[in-house]
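Here the structure is laid out as structure tokens; the discussion comes afterwards.
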């Protein structure tokens, strides 16, 4: 008999819904990946890197040229001067980065505060480290932090707080005032921060991403996680990074070197080249995805779904209470996939204890315009 270390964990909802979409021939707006390719110049750079022989191990911390480009980006966007040598680590995916950051800090019995709804990789990583997740519900309908509840949840065993902005699945954004308030709460405590910022460039309506990198006090105790896959439309490349002060980076690297050691070499060469030659990509990204959000929301305007346009990410939540209030959101996701031909993600799966009356599903609008139009046509016919 195998005694599972994750007895309550099965195949993720993202895999299950994508499989169901394939089985049913449904339009897949569930799992968060584009149905279009990354920039031609980036893909061509990978081919060159492979053919030029960049196929052996890169340094454990990441290709120096790529870490230098990240340092330049951070200085340009957030005004922080990072050491490419001591504060930047390239990883094979942001999920691995999150795993290593958690294992660098969390000891058996330590408590980690997470905000529901939250990304599904956080808790398994905490459990495997022997820690305990303390779940705090974000306040509906705006998915804001409940500050009195957070203050009450912080205790002597609190080791880490995980935040996520722009937020998956809601798209909500943390403000500078939120970061200041968080800093005040943990100022005199031995608590660290993990800031999941993989959607940092997907912020809409003229808003500015309030990265922890902008906050001098919080950065000194933080791991900041980013994703090349999300930023450059290449989620299958599974390449991410962690930015952290030297002492925290050193602890993260102790774990990272024995989980994967390094990230894929030719992908790092290609990303470094593309970042250097095409800095305009980052500036254009918010407008690119806002146009897709606006198109999708306009297409759904005549549907029976109720929604507010997402402030960030490439996800759009919608309330289906006017359509099938008799179905919980898991059943609704399956019904939409099987019967209506559009696959979505139920929001309750991002909670430990979801609100009983929750009737929300998550659409991914990182799709070609014709995909969005075809999906909306089916949804508006319900």
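Each value in this text was obtained by applying a stated rule to the coordinates, not by laboratory testing. Predicted model, so just to flag it, every value in this text is computed and none were measured. Here the Cβ is made from the backbone with ideal geometry for all residues, glycine too, and neighbour counts use every protein chain on show.
Annotation: peptides 178-186, 316-324, ranked by per-residue average of other Cβ atoms within 10 Å with the highest first, follow the order 316-324, 178-186.
Output the antiparallel fraction of DSSP beta bridges having both residues in the chain, as a percent to the nearest 5. Provide the component values of the computation, followed by the final result.
On the way: 18 of 38 bridges.
In the chain, DSSP labels about 45 percent of beta bridges as antiparallel.
Overall shape: prolate for region 40-277, with the ratio a/c of the largest to smallest alpha carbon gyration tensor axis at 1.5 or above and a/b above b/c.
Per-peptide packing, taken as the mean over residues of other Cβ atoms within 10 Å, places 267-275, 235-243, 1-9 in the sequence 267-275, 235-243, 1-9 from highest down.
Going by average Cβ density within 10 Å per residue, which order do the peptides 334-341, 276-283 take, highest to lowest? Spell out each step's value before the answer.
Values: 334-341: 18.2, 276-283: 13.2.
Packing order, densest peptide first, comes out as 334-341, 276-283.
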